[in-house]
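The values are calculated or read from the model by the stated rules, or taken from the named source; none is laboratory data. For clarity, every value in this text was computed on a predicted model and none was experimentally measured. Cβ sites come from the backbone with ideal geometry, for glycine too, and all protein chains shown count toward neighbours.
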Amino acid sequence: MKESFKNACAYYKIQFTKRKYFFLFTLIFFSRFLMLKGQCNSESKIEDGSNCFNQIIRFGVYYRAGQFTIRKDGVLLIEYSSGNKRMFYGLKPNGRGYFSNDNTNKEITIEGNSYYDNGNQINIKERYESKNRLIYLSDDSPQENPYILSVSSFKSVTELHHFDNEGNNSHKTWLTTDFFGINDKTRILFSYQFSLMEYDKKYYAAYIQYYGKGSDGKDYSKTYTLSKFQFTSSDNRDLKKTIEFNENYDN
């Protein structure tokens, strides 16, 4: 009888302790929730001293159009741009910086590409609304050596980047119109959004080209275009075909 009483007491003591800790955990959780709710709401802004956004990464220069790629080995690389400057932010799977001495940032400068318009040389080096994706050379069957392809709209360059095991960068650029075999340099990629896809180490882009100005003075388009290409080396793309189709309903 005495042993049963002891067991019962022990049981209820354990239950009481569980309930006490559950209550304590619940109190802490809701206190934290209410505190955060008071700090973060739809009016919260990203600014110095914010209790809501407090893990802001600053580059020191204004960059735009960040695009993510994640390699098979887990390396994350994000490309940002400003004029002829490119900033890559890189992380290894263990959270350390990808570049030398565990740095997360690597800035490079590109020379851009030129064409002539009425005798005037025009140099293009910018990168605007873009799509980035990992690509592989046509003879890289196991897909062990990734490159980063970045295609950009408007008057821009298309870039092919490669990082070696030490995080060093080599790259090649084309005028985006040249990359897709578009002879008329005014027929730029007109769409902010477009598609960049892969099948069997061949790559496909679907986009809208600029057509002209309407009677209202506004730019417009009236076709859509599909391009198919692959890469045979680090500085050569093999354009298989570019076909322009009528009727995109200016969309």
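Residues are listed down the side, and each one gets a yes or a no for (1) under 26 Å from Tyr199 (Cα atoms); (2) in contact with an Asp or Glu (Cβ under 8 Å, 6 or more places away or on another chain); (3) of a type in the set (A, V, I, L, M):
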| position | (1), (2), (3) |
| --- | --- |
| Ile108 | no, no, yes |
| Ile124 | no, no, yes |
| Ser152 | yes, yes, no |
| His162 | yes, no, no |
| Gly167 | no, no, no |
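Looking at Ser170, Ser191, Ser150, Ser138, which one is within 16 Å of Asp235 (Cβ to Cβ), in a loop (DSSP other than H, G, I, E, B) and in contact with a strand residue (DSSP E or B) (Cβ under 7 Å, 6 or more places away or on another chain)? Walk me through how you get there before you give the answer.
Values: Ser170 fails: in a loop (DSSP other than H, G, I, E, B); Ser191 fails: within 16 Å of Asp235 (Cβ to Cβ); Ser150 fails: in a loop (DSSP other than H, G, I, E, B).
Exactly one of Ser170, Ser191, Ser150, Ser138 is within 16 Å of Asp235 (Cβ to Cβ), in a loop (DSSP other than H, G, I, E, B) and in contact with a strand residue (DSSP E or B) (Cβ under 7 Å, 6 or more places away or on another chain), namely Ser138.
Out of all the residues in region 194-234, which are exposed (fewer than 11 other Cβ atoms within 10 Å of the Cβ), closer than 29 Å to Glu144 by Cα and of a type outside the set (Phe, Trp, Tyr)?
Asp200
Of the conditions (1) of a type in the set (A, V, I, L, M); (2) outside any strand (DSSP E or B); (3) touching a Phe, Trp or Tyr at 6+ places or on another chain (Cβ under 6 Å), Met197 clears all except one; give me its number.
Of (1) of a type in the set (A, V, I, L, M); (2) outside any strand (DSSP E or B); (3) touching a Phe, Trp or Tyr at 6+ places or on another chain (Cβ under 6 Å), only one is false for Met197: (2).
State all residues of region 28-61 that are among the polar types (S, T, N, Q) and either part of a loop (DSSP other than H, G, I, E, B) or at pLDDT 70 or above (or both); if no residue qualifies, say none. Step through it out loud before you land on a result.
To start, the set of residues in region 28-61 that are among the polar types (S, T, N, Q) comprises 31, 39, 41-42, 44, 50-51, 54-55.
Listed by number, the residues that qualify are Asn41, Ser42, Ser44, Ser50, Asn51, Asn54, Gln55.
Residue by residue through region 60-92, note down the ones that are of a type in the set (Val, Ile, Thr) and within 11 Å of the chain's Cα centre (by Cα).
Across region 60-92, the qualifying residues are Thr69, Ile70, Ile78.
Applying the selection to region 80-103, what residues are among the aromatic types (Phe, Trp, Tyr) and more than 16 Å from Glu166 (Cα to Cα)? Steps first, please.
First, pick out the residues of region 80-103 that are among the aromatic types (Phe, Trp, Tyr): 80, 88-89, 98-99.
Of everything in region 80-103, just one residue is among the aromatic types (Phe, Trp, Tyr) and more than 16 Å from Glu166 (Cα to Cα), namely Tyr80.
Tally up the residues in region 197-233 that are farther than 18 Å from Phe154 by Cβ and among the small types (Gly, Ala, Ser), please.
Total meeting the criteria: 4.
Any residue in region 179-202 that is farther than 15 Å from Asn132 by Cα and free of Cβ contacts under 8 Å to residues at least 12 places away in the same chain sitting within a Cβ distance under 8 Å of a residue that is crowded, with 18+ Cβ neighbours inside 10 Å and of a type in the set (Ser, Thr, Tyr)? List the pairs, counting only those 6 or more apart or interchain.
Pairs that qualify, where the first residue is farther than 15 Å from Asn132 by Cα and free of Cβ contacts under 8 Å to residues at least 12 places away in the same chain and the partner is crowded, with 18+ Cβ neighbours inside 10 Å and of a type in the set (Ser, Thr, Tyr), are Asn183/Thr177; Asp184/Thr177.
Restricting region 92-121 to residues that are assigned to a strand (DSSP E or B) and in contact with a Gly (Cβ under 7 Å, 6 or more places away or on another chain), which is surrounded by the most Cβ atoms within 10 Å (Cβ to Cβ)? Write out each step before concluding.
Step one: list which residues in region 92-121 are assigned to a strand (DSSP E or B), which gives 97, 105-109, 113-117, 120-121.
Checking the rest, the ones that are also in contact with a Gly (Cβ under 7 Å, 6 or more places away or on another chain) come to 97, 106.
Details: Gly97: 16, Lys106: 19.
So the residue we want is Lys106.
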